[in-house]
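Colleague: Input: one structure, supplied below.
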Amino acid sequence: MLCDSSEKPCCTCNTCRRVLNKTHPDVSYVLPDENKKTGVTGVDSVREITKEASVFPVETRYKVFVFTNAETLTVQAQNALLKLLEDPPETARFILLCENHNTLLETVISRCVVYKTEIFDENVVYNYLRDNYKQENEKIKNAAKRSFGNIGLAISLLNKNKSKLETVCENFLFAISKRDEHEALSSLAVVEKLERADYKEFLGLVTESIRDALVLGSKTGRFTGDDELSKTFSENFSQQDLIKVIGIAENHIMSQNVNVNIAASAWALYVELKEILT
Ligand SMILES: [Zn+2]
């Protein structure tokens, strides 16, 4: 769309290279709202984009907005987006990426051109990573395995470093599942002292990790989590129990929206999870 060459996309011109490096000033990426790991892309993001889209591009013919996870758009956000898609500024283009376009409103889809992308074989992903990224073979193998044929996901898995909260979440869940009361209580002490935004993110990570274990167990869908934790959980607990755990964590996320005391919520979470996981 922005490439300067006659054979588009050439992937080598200055424009292409900066698009690939995500440094082009006319290409913006729309991510789910910050601090919400269970994250949605809300109506405020769409309003902001509506404003930005009316501004002329800096270098190229178009300003391009890429919704990296269109499935996370709320219905309200999709309705706001609909107005933009119906009557877009001449210099703006929108790309909505999603795994399953049926999760979007029909009215939105009907205003888009739908392209289906290919799912690659694990070996193809592995070879691509090996040729383009200088990382340990074991890490590359792992990322290829967990990407389910999605090269973009494989790259982000390869470059992912564990955050502090991820480590807290992992320790907490492992300790409970291994019935290590001492370790569980010391993890809990860390969780209780989290700020509200971090505690919500922690709860989001709990649901994400368990969801990964479910996915791993059922071998469908995309797998984004930590290998060992998800593997342990998918091997040791029934799908039913895992679904219960997700339900519990989601209830606690909701309780945070009405400002329930964090220490009380964390303790209740611990007791409820212990009941299912031990
Ligand atoms: Zn180019």
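Colleague: Whole number please: convex hull volume per residue, Cα atoms of segment 164-204, in Å³.
Modeller: So the per-residue hull volume is 53 Å³.
Colleague: Relative contact order, percent, of segment 164-277 when contacts are C-alpha pairs under 8 Å separated by at least 6 residues?
Modeller: 31 percent
Colleague: Now, a different point. When Lys and Arg each count +1 and Asp and Glu each count -1, what net charge do the other residues less than 11 Å away from PRO88, Cβ to Cβ, add up to?
Modeller: Neighbour charge sum, excluding PRO88 itself: +1.
Colleague: How far apart, in nanometres, would the label points at ARG47 and HIS182 be if each is projected 7 angstrom from Cα along the Cα-to-Cβ direction?
Modeller: Calculated label separation equals 5.3 nm.
Colleague: Shifting gears a bit: Hey, can you rank 181-189, 253-261, 200-208 by average C-beta count inside 10 Å, highest first?
Modeller: 200-208, 181-189, 253-261
Colleague: Could you give the dipole magnitude of the chain about its Cα centre, charging the beta-carbon of Lys and Arg +1 and that of Asp and Glu -1, in debye to the nearest 20?
Modeller: Dipole of the chain, to the nearest 20 debye: 460 debye.
Colleague: Filter the chymotrypsin sites (Phe, Trp or Tyr not before Pro) in segment 69-134 down to the DSSP loop ones having no more than 13 other Cβ atoms within 10 Å, then list what survives.
Modeller: TYR115
Colleague: Follow-up. Of LYS139/LYS274; LYS200/LYS244; LYS8/LYS63; LYS51/LYS83; LYS51/LYS116, which pairs sit farther than 21 Å apart, going by alpha carbon to alpha carbon?
Modeller: LYS139/LYS274; LYS51/LYS116
Colleague: Next question. Give the angle, between 0 and 90 degrees and rounded to the nearest 10, that separates the Cα long axis of helix 164-177 from the longest principal axis of the Cα atoms of the chain.
Modeller: The angle comes out near 40 degrees.
Colleague: Under a no-solvent Debye model with one identical scatterer per Cα of the chain, what's log10 I(q)/I(0) at q = 0.09 Å⁻¹?
Modeller: Normalising to I(0) and taking log10 leaves -0.53.
Colleague: When a/c reaches 1.5 or more, the comparison of a/b and b/c decides; with that in mind, is segment 14-109 rounded, prolate or oblate per its Cα gyration tensor?
Modeller: prolate
Colleague: Work through the residues other than ALA184 whose Cβ is under 9 Å from its Cβ and net out their charges, Lys, Arg +1 and Asp, Glu -1.
Modeller: 0
Colleague: Between 0 and 90 degrees, rounded to the nearest ten: what's the tilt of helix 196-218 against the longest Cα principal axis of the chain?
Modeller: Result, in degrees: 90.
Colleague: What 222 nm value per residue comes from the helices of the chain, counting each DSSP H run with n ≥ 4 as -39,500 (n - 2.57) and dividing by all residues, nearest 500 deg cm²/dmol?
Modeller: So the calculated ellipticity at 222 nm is -17500 deg cm²/dmol.
No lab work stands behind these numbers, since they all come straight from the coordinates. In this text the structure is predicted, and so the values were computed from the model without any measurement. No Cβ is skipped: glycine too gets one built from the backbone with ideal geometry, and neighbour counts run over all protein chains shown.
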